[in-house]
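A.B. asks: Got a structure for you, written out below as structure tokens; questions coming shortly.
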Amino acid sequence: MLRAVVLDTDGVLLDSAALHAAAWKRAFDGCLDAWAEGGGKQQPFDTDREYRELIDGKPRHDGALAFVSARGVRLPPGAPGDLPGCDTVWAVAARKEEAFTEVLRTRAVDVFADVRPAVRALRAAGARCAAASASRHAGPLLEAAGIHGLFDAVVDGTDAARLALPGKPDPALFLEAAVRLGVVPAAAAVVEDALAGVEAGRRGNFGLVVGIDRTGDPAIAPALLAHGADVVAADLTALPGLVRGTRP
């Protein structure tokens, strides 16, 4: 049996990935006309494919940079203190932060129904559990959702900034969680729904990398496996068995 489990937050524990995608769409689509060259038109941000392939699981700056680069838009990097705008990468990232914060004022973030039973079963079996996320909102959202106390450690974007941890697919965030749980990566599982996240788990040499696909989209599971997942599950129901070394 593995001794610990590190679970991503958005899309694995909390039903918040769609809110992040919507905030990114608001941030990007509001800049597309400014970025169009020669009177051309940029296609609106795709909250499915582009979010999954370019943004999901990454820190805000890295997501903004990935999108503008993929669209062939050249922006100066700017600085972390840039105000929301379209003229630097950091300004675009600030637009997303502003949009997401506005969404949170009017919408609560739900916990997936399988989370509490799965995490409690893991802990009852002796596994230590951590929640991890590149988002600075993750810790407060876990508190607001009433599940922060289920975890032995929480590592979020605030910790990543303070410790200067690079974003996924670099495994630094997950490795920090393993340190806080007191285990080596080979003795822990990583549970992720993002392509960059499962790749980070594989790069970090974790003992098990579980991809979560709550969408049912037939393209998702093969992509998660291709990026490093050992197994893909529809939710966390099978996770305690996977950690014990058994398959459902």
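Here, each number is a calculation from the coordinates, and none is a lab measurement. Predicted model, so just to flag it, every value in this text is computed and none were measured. Methodologically, a virtual Cβ is constructed for each residue, glycine included, from the backbone with ideal geometry; neighbour enumeration extends over all protein chains shown.
A.B. asks: All other residues with a Cβ under 9 Å from the Cβ of Phe28 taken together, and with Lys, Arg as +1 and Asp, Glu as -1, what is their net charge?
C.D. replies: Surrounding charge for Phe28 is +3.
A.B. asks: Further question on the same structure: Whole Å is fine, so just give me how far the alpha carbon centre of the stretch 50-85 lies from that of the stretch 92-133.
C.D. replies: 22 Å
A.B. asks: Same structure, new question: So if R0 is 25 Å, what FRET efficiency would Asp110 and Ala219 give, r being the distance between their Cβ atoms, rounded to the nearest 0.05? It would help to have the intermediate numbers written out before the result.
C.D. replies: Working: r = 25 Å, r/R0 = 1.00.
The calculated FRET efficiency here is 0.50.
A.B. asks: When only DSSP loop residues count, what trypsin sites (Lys or Arg not before Pro) in the stretch 68-158 have their Cβ near at most 14 other Cβ atoms within 10 Å?
C.D. replies: For trypsin sites (Lys or Arg not before Pro) across the stretch 68-158 that sit outside H, G, I, E and B with at most 14 neighbouring Cβ atoms in 10 Å, the list reads Arg74, Arg107.
A.B. asks: If you rank His137, His61, His148 by fewest surrounding Cβ atoms within 10 Å, what's the result?
C.D. replies: Least to most surrounded, the residues fall as His148, His61, His137.
A.B. asks: Next question, about the same structure. For a quick check: sort Val191, Val115, Val184 by the number of other beta carbons within 10 angstrom, fewest at the front.
C.D. replies: Sorted ascending by nearby Cβ count, the order is Val184, Val115, Val191.
A.B. asks: Plugging the Kirkwood radius over Cα pairs into Stokes-Einstein for the chain, at a temperature of 25 °C and a viscosity of 0.890 mPa s, what D comes out in µm²/s?
C.D. replies: 134 µm²/s
A.B. asks: Also, quick follow-up: Would you calculate the separation in nanometres between label points at Ala18 and Leu32, each defined as 7 Å from the Cα along the Cα-to-beta-carbon direction?
C.D. replies: Once both label points are built, they end up 2.1 nm from each other.
A.B. asks: From the helices alone, meaning DSSP H stretches of at least four residues, give me the mean residue ellipticity at 222 nm for the chain, per-run term -39500 (n - 2.57), in deg cm²/dmol to the nearest 500.
C.D. replies: It lands at -11500 deg cm²/dmol.
A.B. asks: Compute the signed sum of charges (Lys and Arg +1, Asp and Glu -1) over the other residues within less than 12 Å, Cβ to Cβ, of Ala138.
C.D. replies: Taking every Cβ under 12 Å from that of Ala138, the sum is -4.
A.B. asks: Taking amide hydrogens as modeled 1.01 Å from N in the peptide plane, which residues meet the under 5 Å criterion relative to Val231, leaving out close sequence neighbours?
C.D. replies: So Val231 has HN proximity to Val209, Gly211.
A.B. asks: In whole Hz and in residue order, list the ³J(HN,Hα) couplings for the stretch 12-19 that follow from phi through the Karplus curve 6.51 cos²θ - 1.76 cosθ + 1.60, θ = phi - 60°; x for Gly and Pro.
C.D. replies: Values, residue by residue: 10, 9, 10, 7, 10, 4, 5, 5 Hz.
A.B. asks: Separation between the Val179 and Leu83 pseudo-spin-labels, each 7 Å from Cα along Cα→Cβ, expressed in nm?
C.D. replies: 3.8 nm
A.B. asks: Please list log₁₀ I(q)/I(0) at q = 0.14, 0.18 Å⁻¹ for the stretch 17-106, using the Debye equation with identical point scatterers on the alpha-carbon positions.
C.D. replies: Here log10 of I(q) over I(0) equals -0.43, -0.71.
A.B. asks: Could you list Asp230, Asp48, Asp235 so that the one with the fewest beta carbons within 10 Å of its beta carbon is first and the one with the most is last?
C.D. replies: Ascending Cβ contact count within 10 Å gives the list Asp48, Asp235, Asp230.
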